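So the structure is just underneath, and the comments pick up after that.
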Amino acid sequence: MSDGNFNRALLPKNELSAGLRAGKAQMRTKAEKAAKEMLDNFFPEASEEKRKDALNAFMKALRS
């Protein structure tokens, strides 16, 4: 029978920050998908290069 420390040793070192990072990654993925859809819907005449530049600028803004 363990004294309780055994169970704590099996947990990640910082489970809160790991969960936050995972949530941020999911939200970035959703934001990128939504941005692509918005570009397609509101600027259908824009060239593929301009769309790529706009999406890259948006994703860069999300990271900062």
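Here are a few things to note about the model shown:
- Pairs meeting the criteria (first residue in segment 35-64 and of a type in the set (Lys, Arg), second residue assigned to a helix (DSSP H, G or I), beta carbons under 7 Å, at least 6 apart or on different chains) are LYS36/LEU55; ARG51/LEU39.
- Helices (runs of 4 or more DSSP H) enclosed by the chain - at least 2 residues per element that are loosely packed, with under 12 Cβ neighbours inside 10 Å, out of contact with any Pro (no Cβ under 7 Å at 6 or more places or on another chain) and at pLDDT below 85: 5-10, 15-42
The values are calculated or read from the model by the stated rules, or taken from the named source; none is laboratory data. Since the structure is predicted, the reported quantities are computational estimates derived from the model, not experimental observations. A quick note on method: Cβ atoms are made from the backbone with ideal geometry, for glycine too, and the neighbour counts reach across all protein chains shown.
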